Amino acid sequence: MIHQSEIHSILDDYDQKRITIATIGSHTALQILKGARDEGFKNMVICKEGTEDLYRQFGLADEVLTIKKYTQVLEKTFQERLIAQNAILIPHGSFVEYLSPIKIENELAVPMFGNRKVLGWESDRGKEREWMERAELKLPREFKDPKDIDRLVIVKFPGAKGGKGYILASNPYEFEQKHKELELSDKEKFTLQEYVIGTRFYPHYFYSPLKDRVELLSMDIRYESNIDGIARLSYILQDSHPEPSFVVTGNLPVVIRESLLPRVLEMGQKVIGTSRELFSPGVIGPFCIETVCTEDLEFIAFEISARIVAGTNLYINGSPYSQLLYQEPMSTGRRIAREIKEALKEQSLSEVIY
Ligand code: AMP
């Protein structure tokens, strides 16, 4: 992993009056660009050939760079160009997926908002579970052996991108049948997780190390295909429905019962507290806990995303929660730029960059 001191020495040479906020053109780039501009920064979007038009059309970027493939960002000359422009990269879901967590950790020397040590913790299911357990979150039960399946489980394969390729099974026999159909080798790793029935909430938090505060900025529900389509036809399809998949296709806004907000905040605080113990200085900036709330009003958490999530795109103009915290439209993208601005003012940029 590129050492923190190496990134910070690059940062020390930056012209702090000419910072450029840069990201890859996908996922949450529009709000990141707008947020940077709203906070007075120059901004840049790095687009794969053929995707530039969207970013040009909205007119939100001062500079649109085109690359042939995403991994070009890791090339030495490309990185030197970004560094010469005093670029701070903002990671998002597609950014991490396209460049890969390992390559970001080991090859990307451009200063990035947040703590890159988190990438290893959120991309490894075992480590992520350890983190969530230490944060005292309630987790779905996991089965080590398919023979033990005694309730509905969701089978998660590591290669399954965005919930595509997950399968459901209610007993060992059903699991074996479906596993065989997928023609996977026995060595293929998978996680057998209890399928939690309830209502989903994906709260979007922001941890500010400068203020030492966890802010609840917004919340969404992922709109997933084909499971959300099957739900509309459940009475008609009955037993003949296709295998459900959980591919995110959009996001729906939601607010939560006010009496549940203290628990939502407490979960965010605990995740931050344990992240500091596990990979100091812990999570910096945006993160999200994927949860299901049961009929007993308990939150069962099944994943942490330790970066800006796409559900925040609903709230480019602020959310019901961010409006209580800020007297101006505060998206997560803008909140990131605000933290960088405050850090520059306090001469503590290295506290929020790694
Ligand atoms: P993930 O890849 O873990 O983000 O999961 C993708 C989607 O699968 C989620 O957004 C949920 O709709 C669903 N899901 C994942 N794990 C569970 C679970 N344990 N119980 C119920 N639904 C789940």
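Each part reduced to its alpha carbon centroid, segment 246-318 and segment 1-64 end up 25 Å apart.
If both residues of a DSSP beta bridge must be in the chain, then about 70% of such bridges are antiparallel.
Fully extending the segment from Arg134 to Ile102, taken as 0.36 nm per residue of separation minus the present Cα-Cα distance, adds 9.1 nm. Placing R0 at 22 angstrom, the Cβ-Cβ distance between Asp239 and Glu188 gives a FRET efficiency of 0.20 after rounding to 0.05. Loop-resident GluC sites (Glu not before Pro) (DSSP state other than H, G, I, E or B) in segment 8-65 with no more than 11 further Cβ atoms inside 10 Å of their Cβ: Glu49. Considering only alpha-carbon pairs that sit under 8 angstrom and 6 or more positions apart, the relative contact order computed for the chain is 21 percent.
For segment 100-209, applying the loop criterion from DSSP together with a ceiling of 14 other beta carbons within 10 Å to the GluC sites (Glu not before Pro) yields Glu136, Glu183, Glu188. A simple spin-label model places the labels of Thr51 and Glu266 4.0 nm from each other, with each point 7 Å out along Cα-to-Cβ.
Please compute the contact order of segment 171-320 in relative form: average sequence separation of alpha-carbon pairs under 8 Å and at least six residues apart, divided by the residue count, as a percent.
Reported as a whole number, the value is 29 percent.
When you restrict to C-alpha pairs under 8 Å that are six or more residues apart and normalise by the size of segment 1-139, the relative contact order lands at 26 percent. A P(r) calculated from all alpha carbon pairs of the chain, with 20 Å bins opening at zero, reads 29, 57, 15, 0 percent. Rounded, prolate or oblate: which fits segment 75-196 when a ≥ b ≥ c are the square roots of the eigenvalues of the alpha-carbon gyration tensor, with rounded for a/c under 1.5 and prolate only if a/b beats b/c? Prolate, since a/c reaches 1.5 and a/b exceeds b/c.
Helices in the chain, meaning DSSP H runs of at least 4 residues, each add -39500 (n - 2.57). Divided by all residues, the mean residue ellipticity at 222 nm is -9500 deg cm²/dmol.
Packing order of peptides 72-81, 275-284, 345-354, highest average first: 275-284, 345-354, 72-81 (average count of other Cβ atoms within 10 Å over each peptide's residues). Close amide H contacts of Gly165 (hydrogens built in the peptide plane, cut-off under 5 Å, sequence separation of 5 or more or a different chain): Phe246.
In a GNM of the chain with a 10 Å cut-off on Cα contacts, which of Lys117, Lys164, Lys178 has the highest mean-square fluctuation? Maximum among the listed residues: Lys178.
No lab work stands behind these numbers, since they all come straight from the coordinates. Since we're looking at a predicted model, the values are computed, not measured. Methodologically, a virtual Cβ is constructed for each residue, glycine included, from the backbone with ideal geometry; neighbour enumeration extends over all protein chains shown.
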